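Below is one structure, written out as structure tokens; comments come after it.
The values are calculated or read from the model by the stated rules, or taken from the named source; none is laboratory data. Remember, it's a predicted structure, so these values are computed and weren't measured experimentally. Please note: Cβ atoms are built from the backbone with ideal geometry, for glycine as well, and neighbour counts cover all protein chains shown. Just so you know, the surface numbers come from the protein's heavy atoms only, side chains and all, with ligands and any DNA or RNA stripped out. Shrake-Rupley method; radii C 1.70, N 1.55, O 1.52, S 1.80 Å.
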Amino acid sequence: MPKIGRNAPCPCGSGLKYKKCCLNKKEASTQIAAVPSEIVASIREADQQAPDIKSRILQLNWENEAYSELAHEFVSNVDQAVDPKLLEEAVVLWNRYANETRPVIRKSETLCAALEYWVAQAGGPQASQSGLAQKYGVSAATISKRYQEIAAFAQ
């Protein structure tokens with residue numbers, strides 16, 4: 001089987017680059033052998049019970065394919081400790097916001113950071129705007145602005 005390049009389209013059909021989609025999953029599966037089998041079993045059971053967020057993204061109606069791609073990028077970059085229901089709520093919020101306001105995406109990292117900050121404010125793993133700014137390589141002020149715009153749709 002030929003090796004898949006990091007920048008090649010992901011073979012899962014998500015439309016994202018391999019490095020933004022399934023590469024991390026492949027790397028994680030190679031590391032799973034070091035984890036005790038009972039922990040692996042509980043993780044797999046939790047994965048089966050949780051809704052598949054990527055298929056949920058595909059089910060939503062997107063005004064622009066770039067908005068769907070950003071949702072995939074967000075899900076790929078967000079902390080794995082986030083409750084799947086909260087993650088799905090963030091994706092649905094992004095869908096509503098994107099379809100109604102039709103934002104121009106100049107730097108997707110800004111919007112991903114704003115969504116991740118929304119998740120933190122909604123009860124997910126704690127994250128600061130400055131920490132997310134470092135993680136995504138954007139300014140905290142821009143995250144704050146985009147967060148406020150997106151959060152207005154959550155009410």
Okay, helices (runs of 4 or more DSSP H) sitting entirely in segment 50-148 with 1 or more residues that are under 20 Å from Leu16 (Cβ atoms) and of a type in the set (Asp, Glu), I get 65-77, 84-101, 108-121
Residue in segment 125-139 that is closer than 15 Å to Val82 by Cβ, open to solvent by 50 Å² or more (accessible area, probe 1.4 Å) and either of a type outside the set (Ser, Thr, Tyr) or touching a residue at least 60 places away in the same chain (Cβ under 8 Å) (or both) present | yes
Surrounded by fewer than 17 Cβ atoms within 10 Å (Cβ to Cβ) and farther than 18 Å from Ser14 by Cβ - does that describe any residue in segment 108-120?
-> no
For residues that are open to solvent by less than 20 Å² (accessible area, probe 1.4 Å) and within 8 Å of the chain's Cα centre (by Cα), scanning just segment 74-86, find the one that is farthest from Ala114 (Cα to Cα).
-> Val75
Filtering segment 140-155 down to residues that are modelled with pLDDT of 90 or more and open to solvent by 40 Å² or more (accessible area, probe 1.4 Å) yields Ala141, Thr142, Lys145, Arg146, Tyr147, Gln148, Glu149, Ala152
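Restricting segment 44-79 to residues that are among the charged types (D, E, K, R) and touching a Ser or Thr at 6+ places or on another chain (Cβ under 7 Å), which is modelled with the highest pLDDT? Step through it out loud before you land on a result.
Just the residues of segment 44-79 that are among the charged types (D, E, K, R), to begin with: 44-45, 47, 52, 54, 56, 63, 65, 69, 73, 79.
In the following step, the residues that additionally are touching a Ser or Thr at 6+ places or on another chain (Cβ under 7 Å) were identified as 54, 73.
Details: Lys54: 74, Glu73: 90.
Selected residue: Glu73.
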